[in-house]
Amino acid sequence: MTPYDKAKEAAHYIKEKIGDRSPRVAVVLGSGLGGVADSITDAVEIPYPEIPNFVHSTVEGHAGKLIVGSCAGTDVAVMKGRVHFYEGYSMQEVTLPVRVFALMGVRSLMLTNAAGGTSPHLSPGSLMIITDHINLMGDNPLRGPNDERFGPRFPDMTSIYTRSYIAAAHETAREMGLVLAEGTYLGLRGPSYETPAEVRMLRDLGADALGMSTVPEAIVARHAGMKILAISCITNVAAGLSRYEINHEEVMEVGARAGRQLADLVVRLIPRIVAIENRSRTPKA
């Protein structure tokens, strides 16, 4: 079965489960950031193992279920937890949900993650809009034969993160009394955290935040012509930049605290993103 056939089968199953709902926005929630799901009404919950060709999350803090319902008056699809390359899955398996969303007609993707900060202007609890990324995961989800039904062989990555969405996020944050940082996210294979020497090198390469997700999903979404907003919740200072060691439990704890603000931000942003897309579709006189 080809990747396209796998995505098509999964999309068909989800559509049968959700009935007449038609999600316009999809949201992927990172470690400890499941609060957005609490705002979904009239929800249909589908555990990943029930969806054909989906793999299940093995990481604490990732519930592993797809939730489809209404948020702020808009039909949305929310991944409560993601799967990662470091769990032993292939890039095709990690990014399958994004391709499924594309086949379901979703054109707007919001990605969130927990990340370690390397920039001095980022501290635990900060929220950083990703304006660009560096892929050091050692693989690319588009490697191998290209299926034009997903997208072109050589997709352009110049403006992978949508500027109008970023502007809307800043405007929404200001209304909430929040200040959002901006920066470059660097994706690594994991699962071990970086050494202090690695952090120094990666900071010199231009990384403001380090993580183990998001980049493959963003590449595949761009390949499919989707528009993307990505936000990192800075849950720790990267190794060697403080005197404390890093552990996953603390990452989840900080993520849960900052995640409440992030959840509120995402919920407020959804109707604005839909409004941006509505304006872009309106014919000019």
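Just so you know, in segment 145-179 the residues that are modelled with pLDDT of 95 or more and among the small types (Gly, Ala, Ser) include one that is nearest to the chain's Cα centre (by Cα), and it is ALA169.
Filtered by the rule that a residue be loosely packed, with under 15 Cβ neighbours inside 10 Å and either under 19 Å from the mean Cα position of the chain (by Cα) or at pLDDT 95 or above (or both), segment 18-49 gives ASP38, PRO47.
The criterion of being of a type outside the set (D, E, K, R), assigned to a strand (DSSP E or B) and in contact with a Gly (Cβ under 9 Å, 6 or more places away or on another chain) does not hold for ALA26.
Among the residues of segment 109-136, those identified as outside any strand (DSSP E or B) and either in contact with a strand residue (DSSP E or B) (Cβ under 9 Å, 6 or more places away or on another chain) or of a type in the set (Asp, Glu) (or both) are THR118, SER119, HIS121, LEU122, SER123, PRO124, GLY125, SER126. Within segment 69-86, is even one residue more than 19 Å from LEU229 (Cβ to Cβ), touching a strand residue (DSSP E or B) at 6+ places or on another chain (Cβ under 6 Å) and at pLDDT below 95? Within segment 69-86, one or more residues are more than 19 Å from LEU229 (Cβ to Cβ), touching a strand residue (DSSP E or B) at 6+ places or on another chain (Cβ under 6 Å) and at pLDDT below 95. Within segment 180-201, the set of residues being modelled with pLDDT of 95 or more and buried (at least 21 other Cβ atoms within 10 Å of the Cβ) comprises GLY183, TYR185, LEU186, GLY187, LEU188. For segment 73-108, the candidate set comprises residues that are assigned to a loop (DSSP other than H, G, I, E, B) and surrounded by fewer than 18 Cβ atoms within 10 Å (Cβ to Cβ); within that set, the residue that is farthest from the chain's Cα centre (by Cα) is GLY73. Check PRO191, PRO196 and return the single one that is touching a residue at least 24 places away in the same chain (Cβ under 8 Å) and either closer than 19 Å to GLY30 by Cβ or under 18 Å from the mean Cα position of the chain (by Cα) (or both). So the residue among PRO191, PRO196 that is touching a residue at least 24 places away in the same chain (Cβ under 8 Å) and either closer than 19 Å to GLY30 by Cβ or under 18 Å from the mean Cα position of the chain (by Cα) (or both) is PRO191. The residues of segment 111-143 that are over 11 Å from SER232 (Cβ atoms), buried (at least 24 other Cβ atoms within 10 Å of the Cβ) and modelled with pLDDT of 95 or more amount to a single one, PRO141.
The values are calculated or read from the model by the stated rules, or taken from the named source; none is laboratory data. Everything numeric in this text was worked out from a predicted model, so none of it was measured. Reconstructed Cβ throughout: ideal geometry from the backbone, glycine too, with neighbour counts over all protein chains shown.
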